[in-house]
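*Asks:* Before I ask anything, let me first share the structure, which is written out below as structure tokens.
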Ligand SMILES: [Mg+2]
């Protein structure tokens, strides 16, 4: 019997990666004179991966990685006005309205009456808190956990803090790497709801058992009722 549901935020409850893709498109256009799009994408991803260790996840780290990549691909000749544009891209992302995915508001409301709901999201504390507040979903959740990494130790710690038995917990999320694999490894359940776009860093091979995959969060209530 599953009594506690963990929800991922970005690209599970609300759109996120589409905002990054849109900004990356603007980044390519800004630097089209200096690098071809595929090369630029590769170098930006390299910078983001290298910088995770110092900045963690989030928009601010993404902006610094864009700036670093712009400096590198222009051999240090990128004009200050282009760097200003990159900073503005980041501010536009941080100010962007929170758009819930289809069915999220109804499903979260329906499940909140029967289950304990915990939002487990990773990234920049300030940005995540702001998104949760603007999502209109904060009151539906019994707890909110903003973590810097989603690994087995993090999930164990979160469940222990809330006194949840892993066997009675299901995590719902769009990332196999962050929401599925570490959760299955601690003996809990996981439901994968793929998003249209997956950040290359989050791509991982789906496991072949102990989890379910659904096309939409709307399929979650019947799945839980039958599980
Ligand atoms: Mg996500």
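The values are calculated or read from the model by the stated rules, or taken from the named source; none is laboratory data. Quick caveat, the model's predicted, so the values are computed rather than measured. Every residue, glycine as well, gets a Cβ built from its backbone with ideal geometry; the counts of neighbours run over all protein chains shown.
*Asks:* In contact (Cβ under 8 Å) with a residue 12 or more places away in the chain, closer than 17 Å to residue 10 by Cα and within 16 Å of the ligand (Cβ to nearest atom), is that true of residue 177?
*Replies:* Yes, satisfied.
*Asks:* Out of (1) away from the ligand (no atom under 14 Å from the Cβ); (2) at pLDDT 95 or above; (3) touching a helix residue (DSSP H, G or I) at 6+ places or on another chain (Cβ under 9 Å); (4) outside any loop (DSSP other than H, G, I, E, B), what's the single condition that is false for residue 164?
*Replies:* Checking residue 164 against (1) away from the ligand (no atom under 14 Å from the Cβ); (2) at pLDDT 95 or above; (3) touching a helix residue (DSSP H, G or I) at 6+ places or on another chain (Cβ under 9 Å); (4) outside any loop (DSSP other than H, G, I, E, B), the one that fails is (4).
*Asks:* Still on this structure, I have one more. Of the residues that sit in region 169-179 and are assigned to a helix (DSSP H, G or I) and at pLDDT 95 or above, which one is surrounded by the fewest Cβ atoms within 10 Å (Cβ to Cβ)?
*Replies:* Once the filter is applied, the top-ranked residue is 178.
*Asks:* Taking residue 196 and the conditions (1) under 16 Å from residue 104 (Cβ atoms); (2) modelled with pLDDT under 95; (3) buried (at least 19 other Cβ atoms within 10 Å of the Cβ), which numbered condition does it fall short on, given that it satisfies the others?
*Replies:* Going through the list (1) under 16 Å from residue 104 (Cβ atoms); (2) modelled with pLDDT under 95; (3) buried (at least 19 other Cβ atoms within 10 Å of the Cβ), residue 196 breaks only (3).
*Asks:* Another question about this same structure. For region 17-42, name all the residues that are without any contact (Cβ under 8 Å) to a residue 12 or more places away in the chain and either within 12 Å of the ligand (Cβ to nearest atom) or under 17 Å from the mean Cα position of the chain (by Cα) (or both).
*Replies:* Residue satisfying the conditions is 22 alone.
*Asks:* Which numbered condition trips up residue 133, out of (1) loosely packed, with under 14 Cβ neighbours inside 10 Å; (2) more than 21 Å from the chain's Cα centre (by Cα); (3) in the same structural domain as residue 179 (by TED's automatic domain parsing)?
*Replies:* Only one criterion is unmet by residue 133, namely (2).
*Asks:* Something else: State yes or no: is residue 86 in contact with a helix residue (DSSP H, G or I) (Cβ under 8 Å, 6 or more places away or on another chain), in a strand (DSSP E or B) and either without any contact (Cβ under 8 Å) to a residue 40 or more places away in the chain or surrounded by 17 or more Cβ atoms within 10 Å (Cβ to Cβ) (or both)? Step through it out loud before you land on a result.
*Replies:* Numbers: in contact with a helix residue (DSSP H, G or I) (Cβ under 8 Å, 6 or more places away or on another chain): yes; in a strand (DSSP E or B): no; either without any contact (Cβ under 8 Å) to a residue 40 or more places away in the chain or surrounded by 17 or more Cβ atoms within 10 Å (Cβ to Cβ) (or both): yes.
It is false that residue 86 is in contact with a helix residue (DSSP H, G or I) (Cβ under 8 Å, 6 or more places away or on another chain), in a strand (DSSP E or B) and either without any contact (Cβ under 8 Å) to a residue 40 or more places away in the chain or surrounded by 17 or more Cβ atoms within 10 Å (Cβ to Cβ) (or both).
*Asks:* In addition: Could you run through region 5-30 and say how many residues are part of a loop (DSSP other than H, G, I, E, B) and touching a helix residue (DSSP H, G or I) at 6+ places or on another chain (Cβ under 6 Å)?
*Replies:* Total satisfying the criteria: 3.
*Asks:* Give just the number: which of (1) part of a loop (DSSP other than H, G, I, E, B); (2) within 22 Å of residue 147 (Cα to Cα) does residue 94 not satisfy?
*Replies:* Every listed condition holds for residue 94 apart from (1).
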